[in-house]
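Okay, structure first, notes after.
The values are calculated or read from the model by the stated rules, or taken from the named source; none is laboratory data. All of these numbers come straight from a predicted model, not from anything done at the bench. Glycine also receives a Cβ, built like all others from the backbone with ideal geometry; neighbour counts cover every protein chain displayed.
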Amino acid sequence: MTDKGNAGANDFVRIKSGIPGLDQMMEGGFPFPSTILVAGSAGTGKTTFGLQFLMQGARDGEQGLYFTTLSEPTQWMMRFASRLEFINKDFLGKEVKYVELGNYLRDEKDPRKIIDFMEEHITEVMPQRIVIDPITVVEELIGGNYRTFLYELATRLKNWQAVSVLTGEVLPDQPYPVQVSYITDTVILLSYGLSPEGGRRKYLEILKMRGTGHATGRHLFDVSRNGVSVQAGLR
Amino acid sequence: MHRVLTIQNVVLKLRQALPQIQGARKVLVTAPPQLINHVSLYIVCAPIHTGAGKVLFLSVDRPNQSIARLLDRHCNGGPQVLFGNPEMDSPPTGDVSCVTGLFAPKLMVDALGQLSDGPEARSSMVVGNLSALGFYNSNDRVKEFLHRIDDKLREQVITRVVLVSDKTSGYILSLARDFAEKEVDLSG
């Protein structure tokens, strides 16, 4: 008897996002492997989201790699991050490694060389979790090569068995970084809105998530010293 | 208490299990999905470290370039790696012969068989990640694939096969369990 069934009909492996309230909005976590865009304007919590994601991985025995495209020394970023309650300093430099890309990007404009440089670090560390924060700065640094860079990056990231979170700045004239959204499996938007009383609130919305049934619409979220947390269902 | 499965823990468990699988020709190693890469790489590199022979590596859904980089970086001394071209006139002399792909795994086994330079080479075969085959192939194809490996063992093209899998695909896992003589569970 032949069996023409689909052997892969079972679900994707999922890993915890590390963001309280988010996993329940997306069938338990991010598909492993996959690429995620976390987009938002300044101050919405993108970097905190990325750090929380890496710290969750470290707690689960996974290796994380954080690329910053800003020309910011490690100690500068860590000085601010150390104020966050969820940061376990024992993981830094070991389970969570930090690579500063900004200086390299200032001198090198060839997309393939930039990605080769990143891939050397990925090969070395073999991370299950990667954060590139923020990806959108690369456009300012390499100009016309940005589109090629994104497509090459997407191809390479999908070859590494990892979940990659790319953060992106939202500009006033666009809802989210559209070019980046094409190359990612998931798009999560962090935005501001006004409460009925006129106060400023933060909202999280999953715009797209391939292969996953996810909550729709905007959900209230908060950023504090405990990190980002979503109040799923509260709008 | 929840025990965190780091790659160090997993490799330690694998080392501890080695005496149990000595002599087995068909071994199934199950590992957490996030660590399959690491486990496959460790198993591919082990015979090279010890000079125990050549390795045929059937890698599902990893492109040549990333496999080459990983082996070069993490296998002592950087082994000679050859990527599958079964049309070659003469067999290559690399430490690791590798075929990567998604579909028709039976053909991948044939390609690897042709890359092996005869029974005297005493090659072992590593398949990683077996469970990923389920995303791209029907159950029948996966069954044929395992039968084909059996043929290669009988023909002594290969002397041993190690299947590396996670536990996400129940069907493929049950096929692999039927196939294997020994199982090492690194997943819990």
Item to check | Residues (within 14 Å of chain A (Cβ to nearest Cβ), over 18 Å from residue B:36 (Cβ atoms) and either charged (D, E, K, R) or in contact with a Gly (Cβ under 6 Å, 6 or more places away or on another chain) (or both)) located in segment B:146-188 | outcome: B:178
Checklist outcome for this item: Filter segment B:122-145 for residues that are of a type in the set (S, T, N, Q) and away from chain A (no Cβ under 12 Å); the one that is nearest to residue B:186 (Cα to Cα) is B:124
Checklist entry - Got at least one residue in segment A:110-126 being surrounded by fewer than 22 Cβ atoms within 10 Å (Cβ to Cβ), more than 22 Å from residue A:46 (Cβ to Cβ), touching a residue at least 60 places away in the same chain (Cβ under 8 Å) and touching a helix residue (DSSP H, G or I) at 6+ places or on another chain (Cβ under 9 Å)? => result yes
Checklist entry - Which of the helices (runs of 4 or more DSSP H) contained wholly in segment B:1-76 include at least 3 residues that are at pLDDT 85 or above, within 13 Å of chain A (Cβ to nearest Cβ) and closer than 26 Å to residue B:174 by Cα? => result B:36-50
Next on the checklist: For segment B:120-145: of the residues being at pLDDT below 85 and touching a Lys or Arg at 6+ places or on another chain (Cβ under 9 Å), which is farthest from residue B:39 (Cα to Cα)?
Outcome noted: B:121
Checklist entry - In this structure, does residue A:122 turn out to be within 18 Å of the chain's Cα centre (by Cα), within 14 Å of chain B (Cβ to nearest Cβ) and aliphatic (A, V, I, L, M)? => result yes
Checklist entry - Any residue in segment A:121-133 that is modelled with pLDDT under 90 and touching a Ser or Thr at 6+ places or on another chain (Cβ under 9 Å)? => result no
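So, residue A:43, is that one under 17 Å from the mean Cα position of the chain (by Cα), at pLDDT 95 or above, more than 19 Å from residue A:211 (Cα to Cα) and more than 14 Å from chain B (Cβ to nearest Cβ) or not?
no
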Next on the checklist: Quick check on my filter: what residues within segment B:171-183 are over 18 Å from residue B:159 (Cβ atoms) and not basic (Lys, Arg)?
Outcome noted: B:171, B:172, B:173, B:174, B:175, B:176, B:178, B:183
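Which residues, taken from segment A:75-96, are more than 24 Å from residue A:43 (Cβ to Cβ) and within 14 Å of chain B (Cβ to nearest Cβ)? Steps first, please.
Just the residues of segment A:75-96 that are more than 24 Å from residue A:43 (Cβ to Cβ), to begin with: A:88-91, A:93-95.
If the condition is that a residue be more than 24 Å from residue A:43 (Cβ to Cβ) and within 14 Å of chain B (Cβ to nearest Cβ), then A:88, A:90, A:91, A:94, A:95 are the ones that fit.
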Item to check | Selected residue (only one of B:151, B:117 is at pLDDT 80 or above, among the charged types (D, E, K, R) and out of contact with any Lys or Arg (no Cβ under 6 Å at 6 or more places or on another chain)) | outcome: B:151
Checklist outcome for this item: Note on segment A:164-202: residues free of Cβ contacts under 8 Å to residues at least 24 places away in the same chain and part of a strand (DSSP E or B) are A:194, A:200, A:201
Next on the checklist: Given (1) touching an Asp or Glu at 6+ places or on another chain (Cβ under 8 Å); (2) free of Cβ contacts under 8 Å to residues at least 24 places away in the same chain, identify the lone condition not met by residue A:39.
Outcome noted: (2)
Checklist entry - Out of the residues in segment A:169-186 that are out of contact with any Gly (no Cβ under 9 Å at 6 or more places or on another chain) and closer than 19 Å to residue A:45 by Cα, which is surrounded by the fewest Cβ atoms within 10 Å (Cβ to Cβ)? => result A:172
Checklist entry - Considering only helices (runs of 4 or more DSSP H) fully contained in segment A:59-146, which possess at least 2 residues that are of a type in the set (S, T, N, Q)? => result A:74-81
Checklist entry - Taking interchain pairs and intrachain pairs at least six residues apart, which have beta carbon atoms under 6 angstrom, with the first residue in segment A:57-74 and within 14 Å of chain B (Cβ to nearest Cβ) and the second among the hydrophobic types (A, V, I, L, M, F, W, C) and in a loop (DSSP other than H, G, I, E, B)? => result A:61/B:4; A:61/B:5
Checklist entry - For residue A:50, which of the numbered conditions (1) in a helix (DSSP H, G or I); (2) away from chain B (no Cβ under 14 Å); (3) at pLDDT below 95 fails to hold? => result (3)
Next on the checklist: So in segment A:147-163, with the set limited to residues that are within 14 Å of chain B (Cβ to nearest Cβ) and assigned to a helix (DSSP H, G or I), which one is surrounded by the fewest Cβ atoms within 10 Å (Cβ to Cβ)?
Outcome noted: A:155
Next on the checklist: For segment A:172-225, which positions are in contact with a strand residue (DSSP E or B) (Cβ under 6 Å, 6 or more places away or on another chain), over 19 Å from residue A:135 (Cα atoms) and among the acidic types (Asp, Glu)?
Outcome noted: A:205, A:222
